[in-house]
Amino acid sequence: MKPYLKLLFLFAAGGVLYNLLELFYRNWTHWTMFFLGGLCFVCLGLINEDIPWEMPLWQQMLIGAGIITSFEFITGCIVNLWLGWEIWDYSKIPGNILGQICPKFIVLWIWVALAGIVLDDWLRYWLFDEEKPHYKL
């Protein structure tokens, strides 16, 4: 499969899965979250593409949480602060930054990153004949 089609598939898978996660957690989602989820999922998958497998999984999880938090902040600044769509507002949660990110969700993103990293690795192995996942704990 051509590389751009693989990335498009992974992007769509991440977008759909993130929308489903939001529907489960918040009982609603917004179409922009498809794009945020897809972008985050592709970037999580690139961790093992660019960083050796020998990096401990907990470090990959922290990098992944940083990626998700960064994209959440950027997206929040665009869709909530600039466009005023009010998709989310963390301003009442302690430690928030501009109401767009907060410590509570950064901790959640660590576990979401784990799921995303592992799922991407196995999808690449099963569907695209890439290297079998192996992790260092």
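The values are calculated or read from the model by the stated rules, or taken from the named source; none is laboratory data. None of the values given here were measured: they were computed from a predicted structure. Please note: Cβ atoms are built from the backbone with ideal geometry, for glycine as well, and neighbour counts cover all protein chains shown. Ligands, DNA and RNA are excluded from the accessible area calculation, which covers all protein heavy atoms including side chains. Shrake-Rupley method; radii C 1.70, N 1.55, O 1.52, S 1.80 Å.
Which residue, Asn19, Asn27, Asn96, tops the fluctuation ranking in a GNM of the chain built on C-alpha contacts under 10 Å?
Looking only at Asn19, Asn27, Asn96, the largest GNM fluctuation is found for Asn27.
Given springs between every Cα pair under 10 Å in a Gaussian network model of the chain, which of Leu17, Leu98, Leu119 has the largest fluctuation?
Residue with maximal mean-square fluctuation among Leu17, Leu98, Leu119: Leu98.
Please report the equivalent ellipsoid semi-axes of segment 20-78, computed as sqrt(5 x eigenvalue) of the Cα gyration tensor, largest first, in whole Å.
24, 12, 10
Could you check which residue among Ile97, Ile47, Ile74 shows the biggest mean-square fluctuation in a GNM of the chain with a 10 Å Cα cutoff?
Ile97
Give the whole-number value, in cubic angstrom per residue, of the convex hull volume spanned by the C-alpha atoms of the chain.
Taking the convex hull of the Cα positions in the chain, it is 109 Å³ per residue.
Leaving out ligands, DNA and RNA, and with a 1.4 Å probe, what % of the accessible surface on the chain is carbon or sulfur?
Accessible surface attributable to carbon and sulfur in the chain totals 72 percent.
Per residue, what accessible area does the chain have, given a 1.4 Å probe and all protein chains present, in Å²?
Per-residue value: 58 Å².
Can you find, among Leu5, Phe71, Ile101, the residue farthest towards the positive end of the dipole of the chain? Put +1 on the C-beta of Lys and Arg, -1 on that of Asp and Glu.
Ile101
Could you tell me the relative contact order of segment 24-127? Use alpha-carbon pairs under 8 Å, at least six residues apart, and round to a whole percent.
After rounding, I find 34 percent.
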